[in-house]
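One structure is given below, encoded as structure tokens.
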Amino acid sequence: MAVSLIYLSITLYIRIANETELVELRGAVVQQRLTNNTSFTELSVLNANAPDYELYREQGVIGEANKLNWIEHLDSVSKEIGIPSIQFTIENTRKVQEGETPFYHYEIPIYVTEMYLDLLLLHEGDLYLLLNEMASRANGLFSVEACELQRIGAKTSKALFEGLKGKCHLRWFNLEDITLAWQDVEASYVP
């Protein structure tokens with residue numbers, strides 16, 4: 001009888017332990033199903049937006065500021081148009097602050113790089129051509145914050161033939177590439 005009582009106690013203990021483990025496993029299965037559903041939803045969003053994301057990355061909108069590309073295109077376009085003189089200044093890239101631009105978003109890091117141009121132009125249409133060609137060729141997006149044109153030698157009778165002096169302030173925008181953080185996670189993942 002004592003052996004039966006010990007056997008009964010052991011089986012009761014094992015059964016309670018198994019039931020507790022079963023309840024925990026059922027909870028884990030429910031949690032895993034919720035995680036899977038969330039993952040499938042996020043995967044469908046990723047698949048739907050991945051082509052646009054890649055296109056924007058190729059266009060230089062997403063990723064590091066591509067200052068060298070901007071300078072090279074500025075030089076080549078100005079030579080094609082025949083702009084006699086163009087000088088530029090580029091500031092360091094910085095993160096946009098709240099209220100600084102209508103593009104600000106608290107969840108999406110947006111970076112801005114200020115570019116200042118000093119130009120000598122033969123015709124005001126050259127500035128229009130320069131900005132349009134830069135928008136179509138250079139990697140990235142920019143806005144024209146301000147431009148000012150003045151005639152050179154405005155007080156002389158030769159003013160019509162000497163051309164124009166121009167100053168422009170461009171603001172280049174780029175978004176942080178969030179896929180770089182994914183690579184860090186993949187590298188640290190050990191199956």
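Observations on the structure shown:
- Here each label is just a point 7 Å from Cα along the line to Cβ, and for Tyr116 and Phe88 those points are 1.5 nm apart.
- The GluC sites (Glu not before Pro) of the range 118-148 include none that DSSP puts in a loop with a beta carbon having at most 10 other beta carbons within 10 Å.
- Heavy-atom accessible surface of the chain, averaged per residue, reaches 73 Å², computed with a 1.4 Å probe.
- Amide hydrogen neighbours beyond the local backbone of Asp177, cut-off 5 Å, H modeled: Gly63
- The GluC sites (Glu not before Pro) found in the range 47-80 that occupy coil by DSSP, while having at most 12 further C-beta atoms within 10 Å, are Glu64.
- Choice from Thr35, Thr89, Thr20 with maximal GNM fluctuation in the chain (Cα, 10 Å cutoff): Thr20
- Percent breakdown of C-alpha pair distances by 5 Å bin, ordered from the shortest bin, for the chain: 1, 6, 10, 12, 11, 9, 8, 6, 6, 5, 4, 4, 3, 3, 3, 2, 2, 2, 1, 1, 1, 0, 0, 0, 0, 0
The values are calculated or read from the model by the stated rules, or taken from the named source; none is laboratory data. Note that the structure is a prediction, hence the values are computed from the model and not measured. Positions of Cβ are generated from backbone atoms using ideal geometry, with glycine treated the same way; all protein chains shown enter the neighbour counts. Keep in mind that these areas ignore ligands, DNA and RNA; they rest on the heavy atoms of the full protein, side chains included. Shrake-Rupley method; radii C 1.70, N 1.55, O 1.52, S 1.80 Å.
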